[in-house]
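Working notes, structure below.
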Amino acid sequence: MASAQMVKALEALYGSADKAHREQAGKWLEEFQKSPEAWTTADLLLKQRDTQQEAKLFAAQTLRQKASRMATGSLIAMIIYDLQDLDETARTSLRDSLLALLSQYATGPKLVVTQLCLGIADLALQFTSWQNVLTDMVNLYGKTPETAICLLEFLTILPEEINASSRIPMSDDVYQQRSSELLTNNSDAVLKMLVMYMQTAGHSTDLQAKVFSCLLSWLRTGDLDVNDLAANPLLPLTFQSLAVPALFDVAVDVICEIIYQSKEVESYMQLIQQIYPLLQPLRDMLRQCSADEDSDTVRGLCRIFTEAGESYLTLVLSHADAFIGIVDGIADCTAYHDLDIVPMTFPFWYKLADALMNERNAGAVPKFEPVFSRLVDAIINHCHYPEDLSTWTAEERDEFRDFRHVMGDTLKDCCDVLGPEKCLAKPCAVLTRLLRSSAVSTPASSLPATPTTEQAPVTWQAIEAPIFALRAMGARVPTDENTLMPQIMDLLQQLPPHPKIRYAATLLISRYTRWTSYHPTYIPYQLQFVTAGFDDQEVAAASALALKHLCEDCGKLLVGYLSELHPFYLNLMKSLPAKDAFEVTEAVAHVIAAVPIHEIAQALQWFVLPSAQRLHELASKDANSSSEAEQKEIADVIERITLFLRIIRPDVPQAESHPCVAFLTEIWPVIELVIANYGDNAKISESACRLFKHALITYELRLRPLLPNLMEQLASAFARSHLSCYLWIGMYVVREHGVRDMETAPACVSLFENLSASTFSFLNGKEFRDVPDVIEDYFRLAGAVIEENPAPIVQSNITSSIVQAGLAGISIEQANALESVLLFFRRILSVPFTKPFSRARTPVSTPSTPGEISNSGELRETPDAVLKPAVQSVFRVYGYDFCRLIFEGLIDHFPHEGVTDGAYLLRLLAELLPAETGQWVITVIAEFPKADLTTKERETFLKAFATALHEHDYKKLYHRQHKSLYEYMTISVHQPLIGNECVFVRAPPKIYPLRITIQHWQLRDLLLCTDDKKLIYPCDNNVYQYNVTTKRVYRLLEDLSFKPTALACAHGYLAAGGHRSQLIVRDLNSTWAISTCVGGSINNSIAITPNPGYPEKIQMMVCNNDQTIKVYDLPIMQKQATIALPTAVNCASMSPDGRHMVAVGDTNQVFLYDVSKSGSYVRRHTFTGSRESSFSCSWNQRSEIFAVASQDGIVNVYDIKAMRKICELGTREQTYSKNATRCVKFSSSGSLDLLAYTEHESYIHIVDARTFNAQQSIRVAPDESSLDVNISGLSFTPDSRRLFVGLEHAVHEYELDTVVRRSFAVGSTI
């Protein structure tokens, strides 16, 4: 009866056109799998030969899932679900049943065989009394070729399952023992068995492929010593199998693994001696495949050669004559026409060139010069754009441009080995030949060249490629190169006027401006060539960059051209885009900086005064009537003026008038007008404050006459606008004039008091977490005042108000704001122990030995008799609250580095008020819940604390606190999550009736929370914003040509991607938007992050099914990088510190990249994740741990310091699609170190991300008896106090319980 119902339900699930009918059938099947009769029904169906294919697969999955539940400790209280509760007889019966079923299906279907093998492998690991696993399996399935494939499938799965089964509740000792019994003790027998099957397989490629897959599995998990293959026939058989198309791919995998594992050459020389002769014939195979344009085979052979080159690099260097064949094979791969294969070789060339630059390998350089010479030729050939560039999309052009820059790095490697002259000679010769032999074809927009009958037209691509190669080598060319560089510069004058060639040649000049400074005869032509490029829109950007570099390196040589540059510059400023205008402004500023001091004033009048006049014209308009473009122009003009003042810094004697200060004084009324009319415009204010900063730092005391007015402007502007940039610039005023200039010190104090009054008024009634920028900049200002001139502040009544605000600030969870608050307290608590007016002028890091060196630079031998009582008086009032908040912060939300700050602050407080601090600490510790701190731990800490106080050993006190607190804050995450339930959410959720449309069944990150009140989500062809407070809906993107599959919103930008690579990006603070296509397939995810090298700039990462991550600058949408992966990319996540990126896709691999400040992405490590593909990844707020959500229902957590997986988290659902984990997110700030992830349907999980030993599972479906609901995404609020979960027809809001996070599972509080 049950079997008939199950078959009927399966028919409905796979065949019904009614969605509700399908969902009902799926629900029934899910519940049926949990029932006691599921085992017998599945067993019966599998034994019946006439069972339909879908029913067989479902039955096999049911058996395997029950084994999986046994492995994960299901909460269902049924003996059949939990292997730990089965007695020996029941376990044996279970094993025999599974083996009988596997015998029945030994010849297929493959999916059923795989599911049964997985279940038997899980059972074998836990059924410790089953001692002869391998023998039993061989006896049952190893006797015939038909069943041997089944045996090999099991042997392939066994090491993978055992090494990936950290969820199984076994002790480490039992696990290690069982692993040795099953794997280590059987490795020799397995190897012999594989040899036997390979030798008797005949022409059965299926059996041979399974042999290789099994061998690969045992090699990858480390259960076979690769040295055992040195005298084993499997090694030559693997190489021979490369000639068999059906075995080629798996043979390549095995060979690469063997080579990789033998990279410690001293330990594997015997094996390498067997491998190398087998590599030699592959060069002939490579040549033949190249001639046949068999790219797939060339790619596999390239993998082998590059793996051998990188693994055996020491042998290649020390025995070049013997191992040069590997290098030649890699060179052949580099020369191949398929540009997807060529980059595979670049890491080897870099490593080889880098090694050859080592002095100990200098003697080997001549032996490698021929191959590097070939390499230069190959790369120049690859640099050609296609003849019909019009057939390429903009995306393809950008990708090729990025690829050429990578090739340019390899050309630099060639220069290192061959020397610049030999490398330059090659593109120079190509260019000379082309220019002499034929005419150049031009686009229709240009005047066409008319070739003679003897001349064949040469495309611009042929000429542009060697120009690019010459440019790429520029960094390696010395300034005294006088052989080829003059020839190259002469060739520039012969180039045809094609815009693509002009663009390349202009950038070539830009690269060699340092060389030009030593060869000034070329300046007139280069200057004329570069400036002429501004007439061509295609060349203008290159001209701006080249002019900047030319003027920067040759400024003194260009002083005579200022009169010509004057009208040229003024005209350009009317038409150039802002970015190019900034570069041209830098160029002119470098020339003015080189003129004699007495001529600078006139130069400023020529070049800068017109900008100031335009600024006055714009600033005179009422802010309400000015356009957005005019407001942007105001900010841009201020930035250009700032560039002049930043670059022009003449060394003027103190007694003489400074021309820049005089000019700044002249235009000061214009700056005042800007602040008066536009001081509440964030962009304009920030630009003005950058101007003030550079003026304060550059001109120091010379700026004194302007200071009173500047201070008045800052105080007034902040009182009106409350923009934190005015507090930020106030800090620079205090630092530069707060103590060095005693005449202005009182004014600085007055400025601080005015800014403090405005700050306190602004903060009244506000949550500090809502204005972290104001908190950060105010307390940095307060810290600077205390550091520079503490007496007036410490002795005034304002100190009490600042300390009270600081106490509230200790609870803020935004990292930079918290850091500034703690730094303020360090400085004020250090005042009594610091010599007056000897304080440091830069932010101070934690002392290496606190107590010996204070954060002011020196410790007084005796306390300040005046300031110490004043500080003591304040902290007698607020000391207990301060002490309590520091302990709470250490427990709740301080980052790990905050342990040092907390311990040091307590040390300073104890030194300032020993008796009171002792009592406060006792009281605070006594208030800790017993669950957090045992009686013994309290007594141990308090005893040590009291002893240190009594002995006045404050250094010992610091170290004892620091050690204990650090141990308490350190997480231990080696244990997997096995179901310890905790309650992070207590109250039922608030529910908002919002409709979110899911366009791809696996892409479920469609709900964003941009602040505490606003949600962003897609619905059909629109993207909406919903305010949970006002209940109002706003349409952010409407009537799109696609339905979004991916969504991102951060740093003021909103982006949505679609199925056909569509992408739309909008600036939420303006009307700017762009719609484009960025790849050949579906956009799976988007991320908007700060640029790693320039945090003030924003970038966007787009993950596409075309196996790339594309990185764009916003808002200019200039592509900065294309990162190619070996799989469709489903998600990428940048670490909060900008130093790492993790990416996942349609494989079980997890790709970790190091990210440099220059924007390069270097793959650091590839982890093996779960069995299935992954669709989501996320970093914790400290950039130490990342998590990956996979199709197979696992969230894997990795530690980048340990470079290993530290935890696996599971799901409640068990069917293939439903048990998938779809979206994973760490809390992004504050005390709640949580990890949340969604299942495909119905369930979300919240996990303690400090210990990973506690979780809460929440069913988001309406009730337990209802149908399941799809989950569309989840998002923490920025303060991590609430969690929003998206369904298809509603959004749930959960309030997170902060109290529960006070409990730590590891260490002690002290």
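The values are calculated or read from the model by the stated rules, or taken from the named source; none is laboratory data. None of the values given here were measured: they were computed from a predicted structure. Positions of Cβ are generated from backbone atoms using ideal geometry, with glycine treated the same way; all protein chains shown enter the neighbour counts. With ligands, DNA and RNA removed, areas are computed over all heavy atoms of the protein, side chains included. Shrake-Rupley method; radii C 1.70, N 1.55, O 1.52, S 1.80 Å.
At a glance:
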item	result
Among 907-918, 300-311, 272-283, the order from most to least packed when residues are scored by Cβ within 10 Å on average	300-311, 907-918, 272-283
Residue-count net charge about ASN1027 - beta-carbon cut-off 12 Å; Lys, Arg +1, Asp, Glu -1	+2
Reachable aspartates and glutamates, given that their alpha-carbon falls under 19 Å from the alpha-carbon of LYS936 and they are not under 8 places away in the same chain	GLU927, GLU967
Per-pair calculated FRET efficiency, R0 = 45 Å: SER796 and ARG1164 via Cβ, rounded to 0.05	0.25
Reciprocal of mean inverse Cα separation for segment 358-427 (Kirkwood radius, Å)	13.7
Carbon and sulfur %, accessible surface of segment 159-295 computed with the full protein complex present, 1.4 Å	46
Computed accessible area, THR940, all protein chains, 1.4 angstrom probe, square angstrom	90
Within the accessible area of segment 338-414 (1.4 Å probe), percent carbon and sulfur	50
Percent carbon-and-sulfur accessible area, segment 1061-1182, ignoring ligands, DNA and RNA, probe 1.4 Å	46
Estimated distance in nm for a label pair at ALA601 and ALA231, the labels positioned 7 Å out from Cα along Cα-to-Cβ	9.3
Extended-chain gain in nm, criterion 0.36 nm per residue less alpha-carbon gap, ARG1204 and ARG1171	10.2 nm
Per residue solvent-accessible surface (Å²) - segment 301-363, probe of 1.4 Å	38
Computed accessible area, HIS722, all protein chains, 1.4 angstrom probe, square angstrom	50
Qualifying aspartates and glutamates (Cα of each under 17 Å from Cα of LYS1043; at least 8 residues distant if same chain)	ASP1005, ASP1020, GLU1288
Restraint check, LYS579/LYS766; LYS683/LYS868; LYS621/LYS1014; LYS192/LYS351; LYS1097/LYS1205; LYS574/LYS693, Cα-Cα greater than 31 Å	LYS579/LYS766; LYS683/LYS868; LYS621/LYS1014; LYS192/LYS351; LYS1097/LYS1205
Heavy-atom accessible area per residue - segment 774-839, 1.4 Å, Å²	26
Heavy-atom accessible area per residue - segment 136-260, 1.4 Å, Å²	41
